[in-house]
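The values are calculated or read from the model by the stated rules, or taken from the named source; none is laboratory data. A quick note: this is a predicted structure, and the numbers were derived from the prediction, not measured. Every residue, glycine among them, receives a Cβ derived from its backbone with ideal geometry; neighbour counts consider all protein chains shown. Ligands, DNA and RNA are excluded from the accessible area calculation, which covers all protein heavy atoms including side chains. Shrake-Rupley method; radii C 1.70, N 1.55, O 1.52, S 1.80 Å.
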Amino acid sequence: MNGYAAMRPEELSADDYAAWLDKFKPKKTTDDCYTPPAVYKAVLDWVTTEYALQSRRVLRPFVPDGDFTALEYRSGDVVIDNPPFSMLTKIRRWYDSKGIDYLLFAPALTLFGCDAPCSIVVSESITYANSAVVHTSFITNLDDSKIRTAPALKTAIRLAVKGLEDSRKLPKYIYPANAVTAAQMGKVASVQLSIPREQVSGKLNRLDCQQAKCKTFFGGGYLLSDGAAAEIKAAEIKAAEAAVVWELSAGERAIIEALNSGNGGQTHSLF
């Protein structure tokens, strides 16, 4: 039992009281990711046009405490919905076994885990009704491809996400090799590096070319000698070399060669 479990709320410290209240808050899970209407409409509009579904009945069988297998499906129905992600493989297999067409929301990072007939890689960040933010893609049996992208769908979702204007990404800047910011140095922090004072200018707020656009170094910056700039470039290369690189096995290369020749077909999973 926690030390404050038997105490009244008014007897708890501020931190303990916050922790006590937190016990009663519903926890966010990817199974409770109810889709914002604007996002669903964007997906529905794209799917309807992409796969010519104008005359077909669209179903949304996934409701709290519901049983998607108990729904009365008719010939020609197509399911376009956001299922519980923990059951995605089970759901996909059931629909495939019944010959029911579908396009389902899916978590982008584990998209290939359910081995769907087609994975549509969108990888767009969606804030769902429970405030969970999930990078989302899709699976379907409506497409002839095994893996594909859908830039138009990605754009439609991005435009539909509420508050998009407030969450625009900052523009990316590429600085000359002789100009350095703290953020740039952070990329080589895993590499031993020391730059002498005599090779670094006084602090700068902006480059001359930034003044006309009213831009500055975020957090300030410095100019470096050519030698110091070369040291940082070398450190960037060394930091990149520290990454783990996965190589293909001979068996995997054989599968790829078969695919290249058009004789691969649907290969079996290696694991």
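Counting just the residues of the range 196-234 that are of a type in the set (Lys, Arg) and part of a loop (DSSP other than H, G, I, E, B), which one comes out most open to solvent (accessible area, probe 1.4 Å)?
As a first pass, look at the range 196-234 and keep what is of a type in the set (Lys, Arg): 197, 203, 206, 213, 215, 233.
Subset that is part of a loop (DSSP other than H, G, I, E, B): 203, 206, 213, 215.
Values: Lys203: 128, Arg206: 95, Lys213: 151, Lys215: 86 Å².
Restricting to residues being of a type in the set (Lys, Arg) and part of a loop (DSSP other than H, G, I, E, B), the top hit is Lys213.
For Lys187, indicate whether it is at pLDDT 85 or above, within 23 Å of the chain's Cα centre (by Cα), surrounded by 13 or more Cβ atoms within 10 Å (Cβ to Cβ) and farther than 30 Å from Phe138 by Cβ. Write out each step before concluding.
Numbers: at pLDDT 85 or above: yes; within 23 Å of the chain's Cα centre (by Cα): yes; surrounded by 13 or more Cβ atoms within 10 Å (Cβ to Cβ): yes; farther than 30 Å from Phe138 by Cβ: yes.
Judged against the criteria, Lys187 is a match.
What number of residues in the range 240-265 are open to solvent by less than 90 Å² (accessible area, probe 1.4 Å) and assigned to a loop (DSSP other than H, G, I, E, B)?
Number satisfying all stated conditions: 7.
Looking at (1) over 18 Å from Val134 (Cα atoms); (2) at pLDDT 60 or above; (3) open to solvent by less than 70 Å² (accessible area, probe 1.4 Å), can you tell me which one Asn82 breaks?
Result: Asn82 passes all but (1).
Identify, from the list Leu193, Leu223, Leu248, the residue that is out of contact with any Phe, Trp or Tyr (no Cβ under 9 Å at 6 or more places or on another chain) and within 30 Å of Gly113 (Cα to Cα). Can you show your working first?
Details: Leu193 fails: within 30 Å of Gly113 (Cα to Cα); Leu223 fails: within 30 Å of Gly113 (Cα to Cα).
When all the criteria are applied, what remains is Leu248.
Please go through the range 45-58 and give me each residue that is in a helix (DSSP H, G or I) and open to solvent by 40 Å² or more (accessible area, probe 1.4 Å), ordered by number.
Looking only at the range 45-58, we keep the residues that are in a helix (DSSP H, G or I), and these are 45-50.
Of everything in the range 45-58, those that are in a helix (DSSP H, G or I) and open to solvent by 40 Å² or more (accessible area, probe 1.4 Å) turn out to be Asp45, Thr49, Glu50.
Tally time: how many residues in the range 59-72 are in contact with a helix residue (DSSP H, G or I) (Cβ under 7 Å, 6 or more places away or on another chain) and either over 26 Å from Ala156 (Cα atoms) or surrounded by fewer than 16 Cβ atoms within 10 Å (Cβ to Cβ) (or both)?
Filtering the range 59-72 for residues in contact with a helix residue (DSSP H, G or I) (Cβ under 7 Å, 6 or more places away or on another chain) gives 61-62, 68-69.
If we keep only those that are either over 26 Å from Ala156 (Cα atoms) or surrounded by fewer than 16 Cβ atoms within 10 Å (Cβ to Cβ) (or both) too, we end up with 68-69.
Residues meeting the conditions: 2.
Which pairs do you get when a residue that is among the β-branched types (Val, Ile, Thr), found in the range 80-96, comes within reach of a residue that is surrounded by fewer than 21 Cβ atoms within 10 Å (Cβ to Cβ) and in a strand (DSSP E or B), reach meaning Cβ atoms under 8 angstrom, with the pair 6+ apart or on two chains?
Ile80/Val58; Ile80/Leu59
Here's the yes/no breakdown for (1) in contact (Cβ under 8 Å) with a residue 24 or more places away in the chain; (2) in contact with a helix residue (DSSP H, G or I) (Cβ under 7 Å, 6 or more places away or on another chain); (3) not basic (Lys, Arg):
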| site | (1), (2), (3) |
| --- | --- |
| Gln199 | yes, yes, yes |
| Ala212 | no, no, yes |
| Glu241 | no, no, yes |
| Ser249 | no, no, yes |
| Arg253 | no, no, no |
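From Val133, Val161, which residue is modelled with pLDDT under 90, β-branched (Val, Ile, Thr) and over 30 Å from Ala240 (Cβ atoms)?
Of Val133, Val161, the one residue that is modelled with pLDDT under 90, β-branched (Val, Ile, Thr) and over 30 Å from Ala240 (Cβ atoms) is Val161.
Given the criterion in contact (Cβ under 8 Å) with a residue 60 or more places away in the chain and closer than 30 Å to Leu259 by Cα, identify the matching residue among Phe112, Phe138. Step through it out loud before you land on a result.
Working: Phe112 fails: in contact (Cβ under 8 Å) with a residue 60 or more places away in the chain.
Residue meeting the stated conditions: Phe138.
Looking at the range 141-153, which of its residues are under 15 Å from Phe105 (Cβ atoms) and touching a residue at least 60 places away in the same chain (Cβ under 8 Å)? Even if it seems obvious, please write down each step before you answer.
First, pick out the residues of the range 141-153 that are under 15 Å from Phe105 (Cβ atoms): 141-142, 150, 153.
The answer is Leu142, Ala150, Leu153.
Looking at the range 213-228, can you tell me whether even one residue there is modelled with pLDDT under 85 and of a type in the set (Val, Ile, Thr)?
no
If I ask for residues that are part of a strand (DSSP E or B), open to solvent by 50 Å² or more (accessible area, probe 1.4 Å) and within 19 Å of Tyr51 (Cβ to Cβ), which ones from the range 89-146 would you list?
Result: Val121, single match.
Taking Ile237, is it out of contact with any strand residue (DSSP E or B) (no Cβ under 9 Å at 6 or more places or on another chain) and either touching a residue at least 12 places away in the same chain (Cβ under 8 Å) or outside any strand (DSSP E or B) (or both)? Lay out the reasoning, then the answer.
Numbers: out of contact with any strand residue (DSSP E or B) (no Cβ under 9 Å at 6 or more places or on another chain): yes; either touching a residue at least 12 places away in the same chain (Cβ under 8 Å) or outside any strand (DSSP E or B) (or both): yes.
So Ile237 passes the test.
Six or more apart or on different chains, Cβ under 9 Å: which pairs go from a residue in the range 116-131 that's over 20 Å from Asp101 (Cα atoms) to one that's surrounded by fewer than 19 Cβ atoms within 10 Å (Cβ to Cβ) and among the acidic types (Asp, Glu)? Could you list them?
Tyr128/Asp32; Ala129/Asp32; Asn130/Asp32
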